[in-house]
Amino acid sequence: MSVTTARGARAATRSTRSRGASVALHAALVAASLVAAFPVAWLVLTSIKPRDAWQSTTIQIFDNPTLANYVQVLTQTAFPRWLFNSLLVAALTTVLGVAMSASTGYAVSRFRFPGFRSIMWMLLITQMFPVAILIVPIYNLLAGLGLINQFPGLVIAYLTSAVPFCAWMMKGYFDTVPVEIDEAGRVDGLTHFGTFWRLILPLSKPGLAVAAFYSFITAWAEVAYATAFMTGDDKYTLAVGLGQFVGQHKAEWGLLTASSVLIAAPAAVVFLLVQRHLVTGLTAGATKA
Amino acid sequence: MTAQVVDGTAAGTPARGRARDPMRGGVGRALARHWYAWAMCAPVVIVTLVLVGYPLARGIYLSLTDATEATMGRTIGMNVIPSTYEFVGLANYTAIVTSAEFLSRLGWTVVWTVACVALHYGIGLGLALLLNRPMRLRSLYRMLLVLPWAVPVFVSAFIWRYLLNGEFGVVNAMLRAVGFAGISWLDDPFWAKASVIAVNVWLGVPFMMLALLGGLQAIPRELYEAAEVDGASPWQRFRHITLPGLRPVSSTVVLLGTIWTFNQFPVIFLVTKGGPGGSSEILVTYAYRQAFEGIRNYSGSAAWGVLILALLVVMAVVYRRALRRAGEAW
Amino acid sequence: MRRAISAAAAAAALALAVSACGGGTPEQPAATATGAAEPAGQVTWWDTSDATNEGPVFQELIKDFQAKYPKIKVNYVNVPFAEAQNKFKTAAQSGSGAPDVLRADVGWVAEFASLGYLAPLDGTPAVDKPEDFLASPASSGKFNGKTYAVPQVTDTLGLLYNKELLKKAGHDAPPKTFAELKQTALDVKSKTGADGLALNIDAYFLLPFIYGEGGDLLDVSTKKITVAAPQAVAGVKVVEDLITSGAATKPAIQDSYNNAQAAFKEGKVAMIFNGPWSNTDNLGGKVFKDDPDNFGIAPVPAGSVKAGAPTGGHDYAVYAGSQNLDASYLFVQFMDSAESQAKIAGKLGLLPTRQSAYTMPEAAANEMIGRWKEPMAAAVERPWIPEAGQLFQPLVEGYQKLAAGQQGAEPMLQGVAKAYQGLLKGWSL
């Protein structure tokens, strides 16, 4: 929304900037973009080099470009299976994460109820947990519930890391939605839930987009839980499967980079889909949280 | 902002007001009035309590004992091992706090956190200011600049380890190409620390930039126009309009950034593994190693976890209190 | 008697445990206990070998196993070596998600056994013709007088060298002592343009130097920590001298192994220390691919006392909480037979742990096996104690400090000894 305002003002403002300032502005942004994109670009370039080309000590941008690494990853490993697992886990985490954080965020935004403050603190403190140390207790807990090596177990674990931030941010977002809309809904005879579902949610797409993106990335990129909880390689996610290419005594950088590209690409696609909403969603959330 | 409250009866009654006596009638009335809110929060609360609350409670209990993998009772097939651990009070905590390692790790963790968050914020704000101008290619820049966030952290950590490799890394290859000697990025204690900070900054700037960009766009244009009319210099406008306008966003992202950086496990663990010689190890990675090396020390690792959590909670409380005094927090 | 016990235990475990394996057929052990029915069940095996290069050979063996025992289903899971130890412990202590059979590093067995995670194998089919095992690898599977694991492959470190580079430097034979090692490396450096020696900054790879001067990390018989004793210091000083004199290249600390390996394969360095597990990797390198005879293997050079490198390798162990103990024992028996070992040796160049396997034509056909014989003879047994897994971390941290020039040999080893005192209760310095 503020994007459009800025766009409207564009023509007027641009003309007021001197040529020198423009050059400096673009130079700074180009430099920053290079730093941001270079490692990723190099990853892509390495992935299309022959399997052992990473050992070169000189800079070669292209070196017999080949898709051999991709072919090997896609056909010689269980990559497709891991990809499916990752997509499943990430999708479940996203859907459940968004649903849970939106409803909690709405409740703490609109109602003052006993436990409100405790919930706000809980959401904050949960983000402080040193996950690395909690793995064994959570493992034992999931084992007791029979959820080890099961996708639901992993999804639940991811929800504990994704939901607190998302709920916090959603609360902030809902705070920016005028409360008059709720009142109008109530006057029209909608229940609290009806108001939330039919009026508020459709107005909150940017916030929901951020929550979705955050949940997706959390589940997509997580390694520690997935490594510990998934004990059969038919249940590995991409992040775990990838560990097979680079270890202490082995460096298949060619294969690693190819699979990294294959992992990063879907994340980037999701990102592109929601990025228009990210700025507005994140702001509102962060501003008012 | 707490003014936006639908439930009229509860408006103006902060949650603290629940000190009112919780007798049976009170409970019934509270249930009738608040069940909506409770129901909407229930899934989150239940999952959190089970998956975080239970391990936390158990961790606190274990941290007061001398339980290890060897002394914890268990039955595995034909092997039955009885529990032999005992309550030892605060011994685990005193052992950690008085160890030389704790202070040096804490020192570096603080340096790491402050450096990372300051650079995240500084660079993020700089880029957000640049991007907040109308110009050509704006969305392309924004997309490129946010790229590090879209790549999974562990992938980024691997890329950087490769880029910074002393022999085969591109960074040194470029240095050599322009006539400098390569730097042992990951093999020298100082450079290893600098490298992990650089990697974490690279990873964290996009989030900061986007949040601050949003914050900038939320500042009403009229304020700037009025200031310009009054003849305020660009610096004065930045100092007196932009910065105050960003305060609410800043306070939140700085708090979250601090928490995340303090606990940033993957970057250190995957890029330097804490090396060389343990020099880049922060509290969480150190605690992790203590917990998982050899025969696992459950009580010791629980004490580490509780200690780290306590440090963060204290920090958050102090920070929140400072903000609340400024009238900005819940 | 044993069988009855294990069957009862398995039944109890079955009743108690919440199975997470998903769709197993766990009622079998009771049937086999009577010895009447054909062995059946499901065996999950965690293999820690290299998934891309070695895994397929093990999977072939599994196919043969299933042909022999059609009613036993084997789940092959490749777990990256670096994660396996932690992952197994997490699963084993909770009683859920652990495999039935694990390929365990020789250094893990005592620790796992002391924690009650492993099933004792004496008297089960898993221990088959134990007299055929080489003594040193077999000892890694013993703890408190019982057998908890049987050796799968054995290995040690050797000096791997590029024959052509050594010849160019005027050395027809590989160095036999540390002094010769230094001289050869310096000659290579001055005469060929390549580097002489690349070190891998890892505790395991430091041991040949300590052993060579007559030192060791511990003296188990007297419960003494000897890592800071004069012999060990002398050994580490040799390393220090190799680095400061330029005989060894400035070692990489991160990705140390991979950098050394890459430099060796590219012909950028003439000598490295490494084990038989790197055979396949090395022979694929630029300077060996078309000329495998250029690849030289020699025993590690000797110090003033002897030439010695640590015994390494992997064992098969059975999880005590397995619900398919009998099928697991049979699986281990099959995988560790002389025939299977010979097949692994022939295809991967990994060293068998059975004497009889060495003479089998399949193993003998891989010339790597014969060439590692001499280095193997110098292998030194490591202390198989539960704390063994913790000994390397302080040592590698110290070694990193030494390599980065932050600490000399003596203070470094003092620091390591101090760390060991914290780990080993009741041991003296």
A:F62 fails exactly one of (1) surrounded by fewer than 21 Cβ atoms within 10 Å (Cβ to Cβ); (2) out of contact with any Gly (no Cβ under 9 Å at 6 or more places or on another chain); (3) in a helix (DSSP H, G or I), namely (3)
Looking at B:A232, B:A211, B:A218, B:A226, which is the one that is more than 8 Å from chain A (Cβ to nearest Cβ) and either in contact with an Asp or Glu (Cβ under 6 Å, 6 or more places away or on another chain) or modelled with pLDDT under 90 (or both)?
B:A232
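Could you tell me whether any residue of the stretch C:68-76 is within 30 Å of B:L270 (Cβ to Cβ) and in contact with a helix residue (DSSP H, G or I) (Cβ under 7 Å, 6 or more places away or on another chain)?
Step one: list which residues in the stretch C:68-76 are within 30 Å of B:L270 (Cβ to Cβ), which gives C:75-76.
Applying the additional criterion that residues be in contact with a helix residue (DSSP H, G or I) (Cβ under 7 Å, 6 or more places away or on another chain) yields C:76.
Yes - at least one qualifying residue is present in the stretch C:68-76.
I want to confirm something. Restricting to the stretch C:56-86 and keeping residues that are in contact with a strand residue (DSSP E or B) (Cβ under 8 Å, 6 or more places away or on another chain), assigned to a helix (DSSP H, G or I) and crowded, with 17+ Cβ neighbours inside 10 Å, which single residue is nearest to the other protein chains (Cβ to nearest Cβ)? Lay out the reasoning, then the answer.
Taking the stretch C:56-86 and keeping what is in contact with a strand residue (DSSP E or B) (Cβ under 8 Å, 6 or more places away or on another chain), we get C:58-59, C:62, C:65-66, C:71-82, C:84-85.
Imposing the further condition that a residue be assigned to a helix (DSSP H, G or I) reduces the set to C:58-59, C:62, C:65-66, C:81-82, C:84-85.
With the extra rule that they be crowded, with 17+ Cβ neighbours inside 10 Å, the set shrinks to C:58, C:62, C:65, C:81, C:84-85.
Numbers: C:F58: 13, C:I62: 14, C:F65: 18, C:F81: 6, C:A84: 10, C:Q85: 9 Å.
Ranking the qualifying residues of the stretch C:56-86, first place goes to C:F81.
Looking only at the stretch B:49-68, count how many residues are within 9 Å of chain A (Cβ to nearest Cβ) and either among the acidic types (D, E) or within 20 Å of B:I96 (Cα to Cα) (or both).
Going through the stretch B:49-68, the residues within 9 Å of chain A (Cβ to nearest Cβ) turn out to be B:49-56, B:58-59, B:62.
Next cut, either among the acidic types (D, E) or within 20 Å of B:I96 (Cα to Cα) (or both) only: B:56, B:58-59, B:62.
Selection size over the stretch B:49-68: 4.
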Restricted to the stretch A:140-153 and to residues being within 12 Å of chain B (Cβ to nearest Cβ) and touching a Phe, Trp or Tyr at 6+ places or on another chain (Cβ under 7 Å), the residue surrounded by the most Cβ atoms within 10 Å (Cβ to Cβ) is A:L142
Going through A:P137, A:P114, A:P178, A:P130 one at a time, which residue ends up being free of Cβ contacts under 8 Å to residues at least 60 places away in the same chain, closer than 21 Å to A:T231 by Cα and facing chain B (nearest Cβ under 10 Å)?
A:P137
Meets criteria (under 30 Å from C:A91 (Cα atoms) and at pLDDT 90 or above) for B:E281
yes
Which of the residues that make up the stretch B:106-141 are within 13 Å of another protein chain (Cβ to nearest Cβ), in a helix (DSSP H, G or I) and in contact (Cβ under 8 Å) with a residue 24 or more places away in the chain?
B:T109, B:T113, B:L119, B:Y121, B:I123, B:G124, B:L125, B:L127, B:A128, B:L129, B:L131
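Quick grid of which residues meet (1) more than 14 Å from chain C (Cβ to nearest Cβ); (2) out of contact with any helix residue (DSSP H, G or I) (no Cβ under 6 Å at 6 or more places or on another chain); (3) under 21 Å from B:G215 (Cβ atoms):
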{"position": "B:V249", "(1), (2), (3)": "yes, no, yes"}
{"position": "B:L283", "(1), (2), (3)": "yes, no, no"}
{"position": "B:R296", "(1), (2), (3)": "no, yes, no"}
{"position": "B:L307", "(1), (2), (3)": "yes, yes, no"}
{"position": "B:V314", "(1), (2), (3)": "yes, yes, no"}
When the stretch B:170-190 is checked residue by residue, the ones that are within 11 Å of B:P276 (Cα to Cα) and aliphatic (A, V, I, L, M) are B:L186
Spot the failing condition for B:A39; the list is (1) exposed (fewer than 14 other Cβ atoms within 10 Å of the Cβ); (2) within 23 Å of the chain's Cα centre (by Cα); (3) not aromatic (F, W, Y), and only one is missed.
(2)
Sort through B:I46, B:I60 and tell me the only one that's exposed (fewer than 15 other Cβ atoms within 10 Å of the Cβ), modelled with pLDDT of 85 or more and in contact with a helix residue (DSSP H, G or I) (Cβ under 8 Å, 6 or more places away or on another chain).
B:I60
Tally the residues that are surrounded by fewer than 18 Cβ atoms within 10 Å (Cβ to Cβ), in a strand (DSSP E or B) and within 13 Å of chain C (Cβ to nearest Cβ), restricting the search to the stretch B:69-98.
3
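Given the criteria among the small types (G, A, S) and surrounded by 22 or more Cβ atoms within 10 Å (Cβ to Cβ), does B:A302 qualify?
yes
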Pair list, Cβ under 7 Å, 6 or more apart: the stretch A:154-167 residue within 21 Å of A:T231 (Cβ to Cβ) and more than 10 Å from chain B (Cβ to nearest Cβ), other residue charged (D, E, K, R) and buried (at least 24 other Cβ atoms within 10 Å of the Cβ):
A:Y158/A:E222
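Output the residues belonging to the stretch C:306-337 that are within 30 Å of C:Y211 (Cβ to Cβ) and touching a strand residue (DSSP E or B) at 6+ places or on another chain (Cβ under 7 Å). Explain how you work it out, then say what you get.
Taking the stretch C:306-337 as the starting set, the residues that turn out to be within 30 Å of C:Y211 (Cβ to Cβ) are C:306-317, C:336.
The answer is C:A307, C:G308, C:A309, C:P310, C:T311, C:G312, C:G313, C:H314, C:D315, C:Y316, C:A317, C:D336.
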Considering residues that are of a type in the set (S, T, N, Q) and surrounded by fewer than 17 Cβ atoms within 10 Å (Cβ to Cβ), the number found within the stretch A:154-191 is 1
Is it true that B:Y54 is of a type in the set (F, W, Y) and within 26 Å of A:F165 (Cβ to Cβ)?
yes
Just checking, does the stretch C:405-424 include any residue being surrounded by fewer than 22 Cβ atoms within 10 Å (Cβ to Cβ) and within 17 Å of the chain's Cα centre (by Cα)?
no
B:A291: passes all of (1) touching a residue at least 60 places away in the same chain (Cβ under 8 Å); (2) at the interface with another protein chain (Cβ under 8 Å from one of its Cβ atoms); (3) aliphatic (A, V, I, L, M) but (1)
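Restricting attention to helices (runs of 4 or more DSSP H) lying wholly within the stretch C:323-429, give those where 1 or more residues are in contact with an Asp or Glu (Cβ under 9 Å, 6 or more places away or on another chain).
On the way: elements: C:325-335, C:338-348, C:355-359, C:361-364, C:367-371, C:373-377, C:388-403, C:409-423.
Answer list for the stretch C:323-429: C:325-335, C:338-348, C:355-359, C:361-364, C:373-377, C:388-403, C:409-423.
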Please count how many residues of the stretch A:200-249 are in contact with an Asp or Glu (Cβ under 8 Å, 6 or more places away or on another chain) and assigned to a helix (DSSP H, G or I).
4
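Only one of these is more than 7 Å from chain B (Cβ to nearest Cβ), in a helix (DSSP H, G or I) and either surrounded by fewer than 20 Cβ atoms within 10 Å (Cβ to Cβ) or touching an Asp or Glu at 6+ places or on another chain (Cβ under 6 Å) (or both): A:L92, A:L123. Name it.
Details: A:L123 fails: either surrounded by fewer than 20 Cβ atoms within 10 Å (Cβ to Cβ) or touching an Asp or Glu at 6+ places or on another chain (Cβ under 6 Å) (or both).
The unique qualifying residue is A:L92.
Kindly provide the set of residues from the stretch B:129-154 that are small (G, A, S) and touching a helix residue (DSSP H, G or I) at 6+ places or on another chain (Cβ under 7 Å), ordered by number. Give the steps one after another, and end with the answer.
The first filter runs over the stretch B:129-154 and keeps only residues small (G, A, S), leaving B:139, B:150.
B:A150, the sole residue that qualifies.
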Just checking, does the stretch B:110-127 include any residue being over 20 Å from the mean Cα position of the chain (by Cα), at pLDDT 90 or above and surrounded by fewer than 17 Cβ atoms within 10 Å (Cβ to Cβ)?
yes
Only one of (1) facing another protein chain (nearest Cβ under 7 Å); (2) modelled with pLDDT of 95 or more is not met by B:P148, so which one is it?
(2)
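The values are calculated or read from the model by the stated rules, or taken from the named source; none is laboratory data. Note that the structure is a prediction, hence the values are computed from the model and not measured. We place every Cβ from the backbone using ideal geometry, glycine too, and count neighbours over all the protein chains shown.
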